[in-house]
Amino acid sequence: MGVELRGLEGKNVLITGASKGQGFSHAKAFAEAGCNIAAIDITEPIPDIYPLGTPETMAATVKAIEERGQRCIPLPCDIRDEAQVKASVEKALDLFGGRIDVIVNNAGVAALDPIHKMRSSTMHAVIDTIVKGAIYVTKYAVDNMIGRGSGKIINISSAVTGSGHAMLSHYVAAKHAINGLTTSWAMELSEFNINVNSICPATIKPGIGQGSGMVLGLAPEAGVTMDEAFEMFSSGGNMPGLKWRAEVQHITDMVLFLASDNADMITGAIIPVDCGQMSR
C-alpha cells in the first residue's frame with residue numbers, strides 16, 4: 001500500500017517568491033494537490049540584483065494554477081516593505097475567508113560580494129528580502145492560525161548554513177537567521193498547534209523563464225555560463241558523484257510533505273535537502 005500525503009486538499013497556501021523558481025514549482029504542486037494559492041512576488045527590479053519576478057511571470061503563475069483547477073490570488077508585493085506585506089496578506093485573508101493554512105517563506109535573493117568590497121545595496125536587498133520579508137509575512141499571516149489553533153509554516157533556508165562560503169557572507173548570514181527564526185517560532189507557536197520547519201536546499205539547477213533564477217543570476221558575476229555555475233557550486237559543496245545534483249522538484253517534494261498531515265509531529269526542524277553538503 002503506497003503512502004499518500006494527507007490533508008492538503010482544500011488548503012489555502014501563501015507562497016512568497018511564487019512567480020519564479022522554487023516558489024513557482026511549489027505553487028503548481030500545491031495546486032495539483034487541491035490547494036488554493038496566494039502568490040506573493042515582487043514584480044519590479046531591485047537595483048544591483050539579477051532579474052526577478054515581473055507582471056508577466058505573475059500572470060503566468062495565475063494561469064498555471066487556474067489550469068490545475070484551483071484559485072490563485074496574485075499579490076504583487078515587495079516584501080521588504082512592511083506596509084505592502086500587510087496589505088497583501090489582508091487581501092489574501094479577505095478573499096480566502098480569513099483562513100491561510102500554510103505559509104511558505106520562500107522569497108530570497110543573493111549576490112557575490114567580498115566583505116571588503118560589499119555593496120550596501122546588495123547587502124540590504126539580501127538581508128531585507130530574506131529575513132525581514134519572512135518576519136513581515138509571518139507577522140501578518142500567523143494570527144489567523146493562532147486563532148484557529150492550526151497551521152504550517154515552512155521557511156526556505158539553505159545548505160550554506162552548514163559550511164563556509166566566500167563572497168556570500170550576507171546571504172549566508174540571512175539564511176542562518178532563517179534557521180533561528182524557525183526554532184524560535186516553533187517554540188513560541190507550539191501551544192497553538194502550529195508547525196514551523198526549515199528546509200536547507202543545495203544549489204538548485206537553474207532554468208530560464210520561470211525556472212530557478214539564483215544560479216542563472218549569479219553566473220555573469222562569476223564570469224561563467226549558467227550550466228558552468230551550477231556545476232561549480234554543486235561540485236564544490238555536494239557529496240562526490242554525479243548523482244548529487246539538486247533540482248527544484250526535490251525541494252518541492254519536501255515542502256509538500258511538511259505541509260501535509262504526514263508531518264504533524266515535525267516542528268522546529270532544520271531539514272537538509274542538500275546532496276550531503278551540510279555533512280561534509
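The values are calculated or read from the model by the stated rules, or taken from the named source; none is laboratory data. Note that this is a predicted model, so its numbers are computed, not measured. Here the Cβ positions follow ideal geometry from the backbone for every residue, glycine too, while neighbour counts run over all protein chains shown.
For the reader, a short list of remarks on this structure follows.
Yes/no matrix, rows are residues, columns are (1) without any contact (Cβ under 8 Å) to a residue 24 or more places away in the chain; (2) surrounded by fewer than 18 Cβ atoms within 10 Å (Cβ to Cβ); (3) over 30 Å from A64 (Cα atoms); (4) touching a Ser or Thr at 6+ places or on another chain (Cβ under 7 Å):
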residue: I178; (1), (2), (3), (4): no, no, no, yes
residue: L181; (1), (2), (3), (4): no, no, yes, no
residue: L189; (1), (2), (3), (4): no, no, yes, no
residue: F192; (1), (2), (3), (4): no, yes, yes, no
residue: T203; (1), (2), (3), (4): no, no, no, yes
residue: T225; (1), (2), (3), (4): yes, yes, no, no
residue: G268; (1), (2), (3), (4): no, yes, yes, yes
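- Only a single item in (1) buried (at least 20 other Cβ atoms within 10 Å of the Cβ); (2) closer than 16 Å to I270 by Cβ; (3) not charged (D, E, K, R) is not met by Y136, and it is number (2).
A quick yes/no check of all residues on (1) in contact with a Gly (Cβ under 9 Å, 6 or more places away or on another chain); (2) at negative phi; (3) not small (G, A, S):
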| site | (1), (2), (3) |
| --- | --- |
| I153 | no, yes, yes |
| A159 | yes, yes, no |
| S163 | yes, yes, no |
| L168 | no, yes, yes |
| Y171 | yes, yes, yes |
| H176 | no, yes, yes |
| V196 | yes, yes, yes |
| I199 | no, yes, yes |
| K205 | yes, yes, yes |
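- Neighbours by Cβ (under 8 Å, 6+ apart or cross-chain): first from the stretch 145-168, closer than 30 Å to L93 by Cβ and of a type in the set (D, E); second at pLDDT below 95 and buried (at least 24 other Cβ atoms within 10 Å of the Cβ): none
- Qualifying residue in the stretch 67-82 (condition: closer than 14 Å to F30 by Cα, under 18 Å from the mean Cα position of the chain (by Cα), of a type in the set (A, V, I, L, M, F, W, C) and assigned to a helix (DSSP H, G or I)): no
- Of all residues in the stretch 1-42, those being buried (at least 22 other Cβ atoms within 10 Å of the Cβ), outside any loop (DSSP other than H, G, I, E, B) and of a type in the set (D, E, K, R) number 1.
- Note on the stretch 47-66: residues that are outside any helix (DSSP H, G or I), surrounded by fewer than 20 Cβ atoms within 10 Å (Cβ to Cβ) and either touching a Ser or Thr at 6+ places or on another chain (Cβ under 7 Å) or of a type outside the set (F, W, Y) (or both) total 5.
- Unmet criterion (only one of (1) crowded, with 16+ Cβ neighbours inside 10 Å; (2) in contact (Cβ under 8 Å) with a residue 40 or more places away in the chain) for I115: (1)
- Test result for N238, touching a Gly at 6+ places or on another chain (Cβ under 8 Å), more than 18 Å from D274 (Cβ to Cβ), without any contact (Cβ under 8 Å) to a residue 60 or more places away in the chain and polar (S, T, N, Q): no
- In the stretch 98-118, the condition of being within 26 Å of Q249 (Cβ to Cβ), under 20 Å from the mean Cα position of the chain (by Cα) and acidic (D, E) is met by at least one residue.
- Residues that are within 22 Å of V196 (Cβ to Cβ), within 20 Å of the chain's Cα centre (by Cα) and either modelled with pLDDT under 95 or of a type in the set (S, T, N, Q) (or both) within the stretch 230-277 comprise T252, S260, T267, listed in sequence order.
- Residue selected from the stretch 78-96 under the condition in contact with a helix residue (DSSP H, G or I) (Cβ under 7 Å, 6 or more places away or on another chain) and of a type in the set (K, R), by the criterion nearest to M145 (Cα to Cα): K86
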